[in-house]
Amino acid sequence: MKAWLPSLLRLLLVVLLVAFVTNPGWFQPLLKPLTENGAPAIYNQGSLLTLTFLHLRTVLIATVAATIVAVALAILVTRPAGAEFLPLSRSLVNIGQTFPPVAVLALAVPAVGFGEKPTLIALFLYGLLPIFENALTGLTTLPANVMEAARGAGMTGWQRLTKVELPLSAPIILGGIRLSVVISLATATIGSTVAAKTLGEVIIAGLLSNNLAFVLQGGLIVAALAVLIYDGLSAIERYTARRMGQETA
Amino acid sequence: MTIRFDKLGVVIAAIAAYAALVAPFATFRANRIVPGEARSVLEALPTAVGPLLLAIVIVGALIALLKTPLVLRLAASVVALIALAILIGIAGSFLTPAGNTFARISPASGFWLLIFAFTLLLADVLTRLNLSPWARVGVLVVAALAIGLLLISGQWNSLSILKEYANRADSFWAEGSKHVTLALGSLAAAVIVGLPLGILCHRVEKLRAGVLNVLNIIQTIPSIALFGLLIAPLGWVAAHVPGAAALGIRGIGTAPAFVALFLYSLLPVVANTVVGLAGVPRAANDAARGMGMTDRQRLFGVEFPLAFPVILTGIRIVLVQNIGLATIAALIGGGGFGVFVFQGVGQTAMDLVLLGAVPTVALAFAAAIILDAVIEMTATKRRVETA
Amino acid sequence: MIEIEGITKRYDETTVVDDVSMVIEPRTIAVIVGTSGSGKTTLLRMINRLVEPTAGIIKLDGKDNRSLPGYELRRSIGYAIQGHGLFPHRTVAQNIATVPVLLGWDKARIKARVDELMTLYQLDPEAYGPRYPHELSGGQQQRVGVARALAAEPNVLLMDEPFGALDPIIRNKAQEDLLAIQKRFGTTIILVTHDMEEAVHMGDKIAVMDAGKLVQYAKPAEILAKPASAFVETLVGASEKPFRLLSLGRVSDAVEKGTAEGEAIPGDASQRDALAELLWSGRPALPVKGEDGKPLGRVTVDGLVKRAARPA
């Protein structure tokens, strides 16, 4: 009886989320008690649907860019020609993680101005790390006997990469992308402190006008998106892992 | 003899060449918010000093470019970094017109790129030297002392960021101590609650998935929203629970920030405790039981020491994450270095942003290095066999 | 003496150990043999109550093993397992001292005991005491594992596949060491294995388990001669039986009068080794010498072949 319960909850969450961003008015009675002095209960300075869409677009662009760069870098440093960079790249990833997203965001402003750009830069830089780290783990921990067999079968370096190494490390790389997306979804809200159009706008408007309903709706939409995307990517990850004959943890 | 190039050196030399010859070394602004004017290395430094810096950069870049001994590379990177650190201060005093207190001099992209290039060289050398944990902490202490010395000597006083500091010296230290208290205090609370919770989750399998799922979902709530959402319940507690307000619990300010950071910290602590305890070799656990250890003796004598490095890794994640997240506390009046960052963003005064961001990054960086060293020290002797 | 009376262990619907009764005489080695899943490890773990039985009683020297709290009982019984289970975060000396420390021995006594055991196991206490388990070879780790089990001078030692992870040469050495130490301390040992060769070699008595039931409990010679069921027969290995039987006897017991040419074989070698030597060298007889090197007589192919036949 328990097997269908998570699927049902997920479906329910999707329905609620879609209903909320398309018809937020329906939920007004629920949020009204959280407001004071007759303040509006539903965000009224823009469409929640548009903001959700822009939020997702920002995260998507940053993640795609981060994935391409991180995987390319990981491939580079695991080839014989780039092996010299491997230890350094590891330390750089470690150092990179110590930069708080707010700092990256604020420091990007003088270089590119306010708006979506500094947010994209911060999300990109922050998203790089988990993907790079996982891609590196995936590419450096391939079973030695499989790699030996691939060489023995006469595959070229390129064939080994595209036919053996990347498919086998795909589940781990996907895991990195999943982490990166979830971090980015939350971090993108901070982008609104530098005037990016994301759901953070709703939360910050709530903080500034002391309107808890705004804070709650902004936060919950982002959290719901994160949970659903996390779940979806986990499912894809499990599917690829099964395809690659690996155990799912 | 053939000349052999170092691959990383090519990258470093290219960055250094662009930074020294093309990019601006310093920015001059008539006051703190007008757009700046770029100054190249030769323009920013007194007649004899500019070429000296160029010479140091060129020699350093050449040493990086060619396959040279590690000691030489180490010396080149350290000399270049020290020269840059001292000379940016000289540029500050040189570019400030005498008696002008409004003019602002800040390091520009060329300076930052040069720092980046030689830090890269230094990082590469240190990575290749494979230093022991103690030595790494030693390097950190020396670097911190050097920076402290430069700050105390007043060498950088003519730079914009320190002028921002001079205007806010008192609040800087107050916000700084708030920042550290927030980050460390919430970590301590998370460890006190998270460790027993992790142990419980390890022992009671039914609890595990539920607890970890809830903590996972908390992590997905954006930090600014979680900070905001805690305002109301804590405000209610302050108003209705006798004595709560006296303890400093308020709807706005440090309390919601503290609680939010604590909630974010729980997942890594609990999850790593569970993973660490699960990683204790079955045979060791079985032997411990077979030899007559009580559950408590086994927990403290075998399981906990073996899981310790993994738990510490969780604590490292939390500490670095908290130092970063504590900046956001400023949005809800929780204080911390974020105050300067958000004030700076609001006033488009980038030097003020730096005044908040630089110490935050430095703190997180130092915390990461120290905890990594501690983890390595505890892990080497307790290496768990994979049998 | 260990008396196991009608012991049963059930997990939900599955019966892992089914009404097993046996008596293990003091100062002997009892080996429990069986395939994986036969319940042999569970039976062993019920003796020191790592597993609590569903029904039945186990008595140690006449005392019910439930008269003490489990952990106190276990401190009085040695326990060594496959893969040794050493604590990776403690030094060799600390590992061996585990139970004495739990029992609250004073420091001098613990140190003396640890040094004694390490010396006994040919590990220099000065050199190896402060090392960590991962710095030792597999064979050394196994020896430390057994030394740790013996540290508190237990009367009873339980061993679960203690030699399972060792390569054949080191395993032989470890088996000989254990036999020597059993003789020296007079410890009662119960050893679980799936290797019949090891069981025949080590055991004063062998208990064969199958699907939770005790199928046969007898001296090795009897198990070989009169397997109680087809299962025991398979486990013994039909084609191996005569050789296993010979491996139980010493050359000195098969000596005949007379002389023979060639290098003499020592009297304490096994009859199996003597037969192998005879067959390999193509000779009909070998001279036998005693411990002092004096000739005892000879062994012949015919004589040994008769001894390898099924006992009446």
Please work out which residue is surrounded by the fewest Cβ atoms within 10 Å (Cβ to Cβ), limiting yourself to segment A:134-183 and to residues that are polar (S, T, N, Q) and in a helix (DSSP H, G or I). A:ASN145
Suppose the filter is within 14 Å of chain B (Cβ to nearest Cβ), touching a Leu at 6+ places or on another chain (Cβ under 9 Å) and loosely packed, with under 15 Cβ neighbours inside 10 Å; does C:GLY138 pass it? yes
From (1) at pLDDT below 80; (2) within 12 Å of chain A (Cβ to nearest Cβ), pick out the condition that doesn't hold for B:ILE249. (2)
Name the residues in segment C:71-93 that are within 10 Å of chain B (Cβ to nearest Cβ), part of a helix (DSSP H, G or I) and free of Cβ contacts under 8 Å to residues at least 60 places away in the same chain, would you? C:TYR71, C:GLU72, C:LEU73, C:ARG74
Evaluate the following for C:ARG272: is it surrounded by 15 or more Cβ atoms within 10 Å (Cβ to Cβ), within 24 Å of the chain's Cα centre (by Cα) and either charged (D, E, K, R) or outside the structural domain of C:ILE189 (by TED's automatic domain parsing) (or both)? yes
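Results for (1) in a helix (DSSP H, G or I); (2) of a type outside the set (A, V, I, L, M); (3) over 23 Å from C:GLU25 (Cβ atoms); (4) within 17 Å of the chain's Cα centre (by Cα), shown as yes or no for each residue.
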{"residue": "C:ILE223", "(1), (2), (3), (4)": "yes, no, no, yes"}
{"residue": "C:PRO227", "(1), (2), (3), (4)": "no, yes, no, no"}
{"residue": "C:PHE243", "(1), (2), (3), (4)": "yes, yes, yes, no"}
{"residue": "C:LEU246", "(1), (2), (3), (4)": "yes, no, yes, no"}
Quick one: how many residues across segment B:268-303 are surrounded by 18 or more Cβ atoms within 10 Å (Cβ to Cβ), of a type in the set (D, E, K, R) and either over 20 Å from C:VAL51 (Cα atoms) or more than 7 Å from chain C (Cβ to nearest Cβ) (or both)? 2
Would you call B:PHE365 touching a residue at least 12 places away in the same chain (Cβ under 8 Å), farther than 30 Å from C:LEU86 by Cβ and within 22 Å of the chain's Cα centre (by Cα)? no
Looking at this structure, is B:ALA98 out of contact with any strand residue (DSSP E or B) (no Cβ under 6 Å at 6 or more places or on another chain), surrounded by fewer than 18 Cβ atoms within 10 Å (Cβ to Cβ) and outside any loop (DSSP other than H, G, I, E, B)? no
Being touching a strand residue (DSSP E or B) at 6+ places or on another chain (Cβ under 6 Å), part of a loop (DSSP other than H, G, I, E, B) and either buried (at least 16 other Cβ atoms within 10 Å of the Cβ) or among the small types (Gly, Ala, Ser) (or both), is that true of even one residue in segment C:23-35? no
So A:ALA81 passes all but one of these: (1) surrounded by 16 or more Cβ atoms within 10 Å (Cβ to Cβ); (2) within 12 Å of chain B (Cβ to nearest Cβ). Which condition number does it fail? (1)
Filtering segment A:200-219 for residues that are within 9 Å of another protein chain (Cβ to nearest Cβ), more than 21 Å from the chain's Cα centre (by Cα) and of a type outside the set (A, V, I, L, M, F, W, C) leaves a count of 2
Members of segment C:292-312 found to be part of a loop (DSSP other than H, G, I, E, B) and modelled with pLDDT of 80 or more, listed by number: C:ASP292, C:LYS294
Quick check on segment A:86-113: of everything there that is over 20 Å from B:PRO359 (Cα atoms) and crowded, with 19+ Cβ neighbours inside 10 Å, which residue is nearest to the other protein chains (Cβ to nearest Cβ)? A:LEU88
Hey, C:PRO287 at pLDDT 85 or above and not assigned by TED's automatic domain parsing to the domain that holds C:THR28 or not: yes
Among (1) away from chain B (no Cβ under 14 Å); (2) under 24 Å from C:ILE29 (Cα atoms), C:ASP124 falls short only on (2)
Given (1) closer than 22 Å to B:LEU113 by Cα; (2) in contact (Cβ under 8 Å) with a residue 12 or more places away in the chain, number of the condition A:PRO110 does not satisfy: (2)
Report yes if C:LYS294 is in contact (Cβ under 8 Å) with a residue 12 or more places away in the chain, out of contact with any Cys (no Cβ under 9 Å at 6 or more places or on another chain) and not assigned by TED's automatic domain parsing to the domain that holds C:GLU176, otherwise no. no
So, B:LEU113, is that one within 14 Å of another protein chain (Cβ to nearest Cβ) and of a type in the set (A, V, I, L, M, F, W, C) or not? yes
Inspect segment C:228-235 for any residue being at negative phi, of a type in the set (Asp, Glu), out of contact with any Leu (no Cβ under 6 Å at 6 or more places or on another chain) and not assigned by TED's automatic domain parsing to the domain that holds C:ASN48 and give the result as yes or no. no
Restricting attention to segment A:201-237, report how many residues are over 14 Å from B:LEU229 (Cβ atoms) and without any contact (Cβ under 8 Å) to a residue 40 or more places away in the chain. 3
Name, by its number, the condition in (1) touching a Gly at 6+ places or on another chain (Cβ under 6 Å); (2) away from chain B (no Cβ under 14 Å); (3) in a loop (DSSP other than H, G, I, E, B) that does not hold for C:ARG66. (1)
Of the conditions (1) touching a residue at least 40 places away in the same chain (Cβ under 8 Å); (2) surrounded by fewer than 18 Cβ atoms within 10 Å (Cβ to Cβ); (3) hydrophobic (A, V, I, L, M, F, W, C); (4) more than 14 Å from every other protein chain (Cβ to nearest Cβ), the single one that B:ILE218 does not satisfy is (4)
So which residues in segment C:273-312 are closer than 24 Å to C:HIS201 by Cα and of a type in the set (Gly, Ala, Ser)? C:ALA274, C:ALA276, C:GLY290, C:GLY303, C:ALA308, C:ALA309, C:ALA312
How about segment B:197-214: which of its residues are modelled with pLDDT of 90 or more and within 21 Å of B:ASN322 (Cα to Cα)? B:LEU197, B:GLY198
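The values are calculated or read from the model by the stated rules, or taken from the named source; none is laboratory data. None of these values were measured; they are calculated from a predicted model. Neighbour counts run over all protein chains shown; Cβ positions are idealised from the backbone, glycine included.
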